[in-house]
1. Can you find a residue in segment 89-111 that is surrounded by fewer than 16 Cβ atoms within 10 Å (Cβ to Cβ), among the polar types (S, T, N, Q) and in contact with a Ser or Thr (Cβ under 9 Å, 6 or more places away or on another chain)?
2. I need a count of the residues in segment 30-53 that are closer than 19 Å to Leu128 by Cβ and within 12 Å of the chain's Cα centre (by Cα).
3. Please state which one of Lys61, Lys73 is without any contact (Cβ under 8 Å) to a residue 60 or more places away in the chain and assigned to a helix (DSSP H, G or I).
4. Mind listing whichever residues of segment 54-97 are over 26 Å from Arg132 (Cα atoms) and among the charged types (D, E, K, R)?
5. What do you reckon, is Leu116 open to solvent by less than 10 Å² (accessible area, probe 1.4 Å), out of contact with any Gly (no Cβ under 7 Å at 6 or more places or on another chain), within 18 Å of Ile30 (Cα to Cα) and assigned to a strand (DSSP E or B)?
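The values are calculated or read from the model by the stated rules, or taken from the named source; none is laboratory data. Owing to the predicted nature of the structure, the values given are computational and were not obtained by experimental measurement. Note: ideal-geometry Cβ built from the backbone for every residue, glycine included; neighbour counts use all protein chains shown. These area figures cover heavy atoms from the full protein model, side chains too; ligands, DNA and RNA do not enter into them. Shrake-Rupley method; radii C 1.70, N 1.55, O 1.52, S 1.80 Å.
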Amino acid sequence: ITTSSCPDSRPSTKAQAAGSTPQHLTDGAILVGRPDAKVTLTLYEDFQCPVCQEFEAESGKQIAAWVADGTVKVYYRPIAILDGASSTGYSTRALDAAAALVNSDPAAFQRFHDLLYANQPAEGSSGLTDARLAELAGQEPLMVKPIHGSGARNIFPARTLEQARFFVDYIEEPVMIQ
């Protein structure tokens, strides 16, 4: 199942510094739900993407219900492909904040994920401040800074970005894999 095209969704081709990979990942993804659930959804999402926000608004409650009843597990593979749509690299900053949260409190990821989409800034804006990202994560600002402040990009495993590039380059649409 695919959603409609996400504007300016080409990944950056700039060299990316190696960064700290978040802890508590399952095969490079953030697992939400029971590991033994029979249905698996894999979601590649950019916290700046308006189409991803639409998808979450339309499908998030149903997916949450399936996760709650043990029917579905979700592998979130957050990506930062829309930095060019922000004057401050918001996609990467939001991804860094998510990584910092997963490192310190993996169970809080879903709440933070939902808050990022509920508070998504307009494309082309500077995005939320680092302090606001930390506030939404329920973390002290210093908990978010170590990853973001390192200059790290692509902090999730390279495989995630490679998979995302496949979908963006060849299918040219954000994808939900069942």
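1. No.
2. 7
3. Working: Lys73 fails: assigned to a helix (DSSP H, G or I).
None of the other options fit; the residue is Lys61.
4. If the condition is that a residue be over 26 Å from Arg132 (Cα atoms) and among the charged types (D, E, K, R), then Asp69, Lys73 are the ones that fit.
5. no
Let's see how each residue does on (1) assigned to a loop (DSSP other than H, G, I, E, B); (2) at pLDDT 75 or above:
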site	(1), (2)
Ala18	yes, no
Asp36	yes, yes
Leu43	no, yes
Cys52	no, yes
